Every structure is written in C-alpha cells, then in structure tokens.
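The block underneath contains the structure these notes are about, expressed in structure tokens.
The values are calculated or read from the model by the stated rules, or taken from the named source; none is laboratory data. Computed from a predicted structure; not experimentally measured. Cβ: placed from backbone, ideal geometry, glycine included. Neighbour counts: every protein chain shown. Quick note on the areas: whole protein, heavy atoms, side chains included, nothing else; ligands and nucleic acids left out. Shrake-Rupley method; radii C 1.70, N 1.55, O 1.52, S 1.80 Å.
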Amino acid sequence: MLNPRRESEITMTKRLIVLLALAAPASVLAHDTWVETNTNIIRVGDVVHIDLKLGNHGNEHRDFRLAGKLGLEGASLEVVGPDGKRYDLKDRLIDTGYTPQEGYWTTRFEPAEPGLYVVGSRSDRVMSYAPERSIKGAKAFFVASPSLDRPSADNPGSDKPLGHDLELVPIVNPVTPMGPGTPIRVRLLYKGRPLAGERVSFIPRGATLKPGLDDRYERLTDEQGEASFEPTEANSYLIAAHKTEPKQGGELDGKPYEFTKYGATLTIFVPRICPCCGG
C-alpha cells in the first residue's frame, strides 16, 4: 500500500500528463516532408534524381534544414506524367543515411515522353510522441523536353490537384516560364476546397523565417485560397502550409489519436534566366 505522500506524487504526475495531452495541438513540434529534383528541365529519356526529405519547418523553424528521415510506413512517392499515367517509386527509394534518422531517401526516374511531370508524396501516420495524426503532402514539378535549347513554354497540367488532404496547387506554371520577377501563385486546397485566411510560407533556400508572420516571405490566402509571392533572386523555394484540426480524433492502424495536423509543401526552382524565353 502506498503512503499518502507517494500517492499524492502519482496523482500530480497523472494530472500533468493529462494537461500536456490537452495542450498538445499548440505545443507539439511537428515535421514536414518535401520532395525536390536535381533539375527542373531535362531531355526526354534522360535521368532526373528525386529526393524525399524531412524537415522541421512545421515547428516554426521554417527552412530547408533536415530533421531526421521520414519513416516509409504510411508513405508514398509517385510521378504523374503529362498523360496522367502514375509511376510508383516507393520500392525504388535508396537510403542515403548510415543510421535510421540520418540522411534522406532518393531515387531516379527517366521520362519517356515530353511534357510536365509532377512528383507527389503523401504520408499518413500516428506519431509516437503525441496523440497526433500527421497527414502530409508534398509536390515538385519538372519538364521533359526534346531539347534544352529554348524548350516550349506550353507545358500544361500544373493546375491539376493530386487529391492530397491539404494541397498547394500552382495557378501558373511553376517551370515554364519562370525566373526572378515572375510571381509564384498558388491556391491552397483543404479536402478539395479553397482554404482562406491560412498562412503560406515561400522559403528561399538558405533563409530562416522569423517567428510569427514573416511579411518578407509569407502571405495569407484570400477568399479563393490564393497567395502570391514574387521572387527577387534565383533560388530554390520551399512553399509550405499547415492546418490543425484539434478535435479530429480517432484510430489509425490500431493507434488512437486525439487531433490531426495537415501539412502541404511545394518545391519550385527559380532560375536566373527563363529557360524558354531567355529573359
């Protein structure tokens, strides 16, 4: 039988655990996934390298820094061609790290037809550190061209959603034409519908955004779910958005959760010289 003091300590500990669980949606440090390619324009039949990475910009450190490696349970990686054909790349992924939490996943893809390709990844899992379900979607685009000398600017299809729970959809083509001074315009969709009043971060590689709303690199979506950012330098940009549903609980694969966090990322490369117009 426990003495009164020990029993009181156990009771206080249980109460603290409950309070931490209730505060979890606001305090838990979340991570985001993103995908990127080594180039945004290649010749038809050449090789593009695709990386699947895990970063910490979901916990207000919005940058390109790695924060461990994504577990592949509940995750997918695919390429969608200009004809709508889907290529599953998950079983081709190669681990670049020496330990389970080091490095990132990578693979290669050879497009056989000209046009715009989208790389898409989705992960859905219950986290081990909190009663949180984490649903993340990530996208990147590249164009396959018969020639790298002034490729065609007409590469439609970037405005077609992949169907992710939370998704950033380009309103204008993110590859051709593209360059400094060309606005990056996106629409944020939640369950397929425009989401207004949410923060969208346009993160240049090498920059770390300030806490709160950083008006240099962040915008709030309008009533149509749209946000726009005009890059002033050639760089890679990681576009990120998040949404938390504090009362969206349930069970996934036998694991209970009390709330759900959604994340969406889109990686865009802004060249110094537009590849199709030379300007």
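Which condition number does A112 fail, the rest of (1) among the small types (G, A, S); (2) open to solvent by 50 Å² or more (accessible area, probe 1.4 Å); (3) in contact with a Lys or Arg (Cβ under 9 Å, 6 or more places away or on another chain) being met?
(3)
Within the range 226-241, how many residues turn out to be at pLDDT 95 or above and open to solvent by 70 Å² or more (accessible area, probe 1.4 Å)?
Counting residues in the range 226-241 that are at pLDDT 95 or above and open to solvent by 70 Å² or more (accessible area, probe 1.4 Å) gives 1.
Would you kindly identify the strands (runs of 3 or more DSSP E) lying entirely within the range 113-172 that contain at least 1 residues that are of a type in the set (F, W, Y), under 20 Å from the mean Cα position of the chain (by Cα) and under 24 Å from L93 (Cα atoms)?
115-126, 132-145
Return the pair list, or none, for Cβ contacts closer than 6 Å from residues in the range 197-216 that are farther than 14 Å from A227 by Cα to residues that are at pLDDT 90 or above, at least 6 apart or on different chains.
P204/N235; P204/Y237; R205/N235; R205/S236; L209/Y217
Regarding W34, is this residue among the aromatic types (F, W, Y) and open to solvent by less than 20 Å² (accessible area, probe 1.4 Å)?
Yes.
Could you please give the count of residues in the range 113-135 that are touching an Asp or Glu at 6+ places or on another chain (Cβ under 6 Å) and within 20 Å of V80 (Cα to Cα)?
Residues that pass the stated criteria total 1.
What do you reckon, is S152 touching a residue at least 40 places away in the same chain (Cβ under 8 Å) and surrounded by fewer than 16 Cβ atoms within 10 Å (Cβ to Cβ)?
Spelling it out, S152 is indeed touching a residue at least 40 places away in the same chain (Cβ under 8 Å) and surrounded by fewer than 16 Cβ atoms within 10 Å (Cβ to Cβ).
What are the residue pairs meeting all of these: first residue in the range 155-166, first residue closer than 15 Å to K136 by Cα and among the charged types (D, E, K, R), second residue part of a loop (DSSP other than H, G, I, E, B) and modelled with pLDDT of 95 or more, Cβ atoms under 8 Å, and 6 or more apart or on different chains?
D165/K191
Answer with yes or no whether A26 is open to solvent by 20 Å² or more (accessible area, probe 1.4 Å), modelled with pLDDT under 90, more than 28 Å from N235 (Cα to Cα) and of a type in the set (G, A, S).
It is true that A26 is open to solvent by 20 Å² or more (accessible area, probe 1.4 Å), modelled with pLDDT under 90, more than 28 Å from N235 (Cα to Cα) and of a type in the set (G, A, S).
Answer yes or no: is there a residue in the range 178-201 that is of a type in the set (F, W, Y) and crowded, with 20+ Cβ neighbours inside 10 Å.
Within the range 178-201, not a single residue is of a type in the set (F, W, Y) and crowded, with 20+ Cβ neighbours inside 10 Å.
List the number of the failed condition for S145; all other conditions in (1) surrounded by 21 or more Cβ atoms within 10 Å (Cβ to Cβ); (2) within 28 Å of Q248 (Cβ to Cβ); (3) of a type in the set (S, T, N, Q) hold.
(2)
State which residue is most open to solvent (accessible area, probe 1.4 Å) when the search covers only the range 250-279 and only residues that are in a loop (DSSP other than H, G, I, E, B), more than 17 Å from P231 (Cα to Cα) and of a type outside the set (G, A, S).
D253
Let's see how each residue does on (1) at pLDDT 80 or above; (2) over 17 Å from A144 (Cβ atoms):
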{"site": "N3", "(1), (2)": "no, yes"}
{"site": "E9", "(1), (2)": "no, yes"}
{"site": "V48", "(1), (2)": "yes, no"}
{"site": "A67", "(1), (2)": "yes, yes"}
{"site": "L70", "(1), (2)": "yes, yes"}
{"site": "D88", "(1), (2)": "yes, yes"}
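Scan the range 209-225 and tell me whether some residue there is open to solvent by less than 20 Å² (accessible area, probe 1.4 Å), more than 22 Å from R122 (Cβ to Cβ) and within 17 Å of the chain's Cα centre (by Cα).
Yes, the range 209-225 contains at least one residue that is open to solvent by less than 20 Å² (accessible area, probe 1.4 Å), more than 22 Å from R122 (Cβ to Cβ) and within 17 Å of the chain's Cα centre (by Cα).
Just give me the residues in the range 41-78 being closer than 16 Å to P111 by Cβ and of a type outside the set (G, A, S), in sequence order.
I41, I42, R43, V44, D46, V47, V48, H49, I50, L77, E78, listed by residue number.
Consider the range 51-107. How many of its residues are in a strand (DSSP E or B), without any contact (Cβ under 8 Å) to a residue 24 or more places away in the chain and hydroxyl-bearing (S, T, Y)?
1
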